[in-house]
1. For HIS149, HIS163, what's the fewest-to-most ordering of other Cβ within 10 Å of each Cβ?
2. Please list, in order, the residues from segment 81-109 whose amide nitrogen is less than 20 Å from a point placed 7 Å along the Cα→Cβ vector of PHE54.
3. Which residue fluctuates most in the GNM of the chain (Cα springs below 10 Å): LEU278, LEU50, LEU90?
4. Can you give me the distance in nm between label points at ARG201 and ALA151, each placed 7 Å from the Cα along the Cα-to-Cβ direction?
5. Among (1) 35, 22, 18; (2) 32, 22, 18; (3) 40, 22, 19, which one is semi-axes √(5λ) of the Cα gyration tensor in Å computed from these coordinates?
6. At what distance in nm do the modelled label points of SER100 and ASP158 sit from each other, each positioned 7 Å from its Cα along Cα→Cβ?
7. Just to confirm my numbers, what's the Cα centroid distance between segment 253-329 and segment 88-135 in Å?
8. Per residue, how big is the convex hull around the C-alpha atoms of segment 26-154? Give it to me in cubic angstrom, could you?
Amino acid sequence: MTTVCMDLKPRVAYTGGAMQTQLKLFSGNANKQLAQEIGRYLKVSLGKALVGRFPDGEVNIKIEENVRGTDCFIIQPTSFPANDNLMELLLLIDALRRSSAARITAVIPYYGYGRQDRKAEPRVPISAKLVANIISAAGASRVLTMDLHAAQIQGFFDIPVDHLFANPVLIEYFRKKRINNLVVVSPDAGGTERARAFAKRLKSGLAIIDKRRTSPTEAAVMHVIGEVKGKVALIIDDLVDTAGTLVKAAEALKKAGASRIMAGAAHGVMAGPAFERLEQSEIESLVITNSIPLGDRHSRKITVLSVAGILGEAIKRIHMERSVSELFV
């Protein structure tokens, strides 16, 4: 596994003055390394906070410094273990609110439960909406997140949401590779808009995999729409979970005549048999970001890009009351 730290520079120079309130960064245990990288980008040390467990497993939170009247940002993806990380986030928000922080922004690089964004079948919850309600009820003033599984999740919140994209980091990486005869591939119809944006920036062709989902974790590939024969196929998705869809897409592309197959995604969930499937697949490399930590799991095929720069710049702009959307102009 190769880790690449790409520090995304802002496209618009900052010229404004600082807010009256002090910026403070806090982190749970979900992705401490990313939080520290963001702190280095902002030249701000992580705030002092106890985030532990009581003997019975309950989350133990204590803010160990004065935050009265400050602008607080909590960096905490709600990835595996999703429930533990979500509870840490909620209790950190509550602790800061009860400590009289002026504003609390939940920085959620990966929004867990985001795939449960609708009633896909009878008698199921819309979990993404419930989690949004809980975060708001805990006392968050706003949310900063990245590559939501469905953009409409922003509307589940009754507080402001800044939705970032890892596209600039991923596109810059592949652009530097100077891949000839490239075609960007969406693994399903739902991801066509994302793949089209990549294809436009990389000046490449576009193809789509027509698939049918047979279960929440399994999908059957139907056929490839678009010309991929003799080309380098780059599969682009928002996340890789068990890698089942990704591997089947690669198999379909190989059968359709693709010469090489690469993949890129904002979030590397990498659950269950994902690593084994990737190693045995036709995919020569998978590029993901560090929105979710891989821990001690490794693969020679995986390259990890850092999104600390883009998250740090967004945090600075929110603190300074400047436009975040200018990052993507």
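Readers should treat all values here as calculations from the given coordinates under stated rules, not as data from a laboratory. Computed from a predicted model, the values in this text were never measured in an experiment. Neighbour counts are summed over all protein chains in view; Cβ atoms, including those assigned to glycine, are modelled from backbone coordinates with ideal geometry.
1. Details: HIS149 19, HIS163 16.
Placing the least packed residue first, the sequence is HIS163, HIS149.
2. 83-99
3. In the Gaussian network model the winner is LEU50.
4. 1.5 nm
5. The listed entry that was calculated here is (1).
6. 2.7 nm
7. 23 Å
8. Numbers: hull volume 14.5 nm³, N = 129.
Value for segment 26-154: 112 Å³ per residue.
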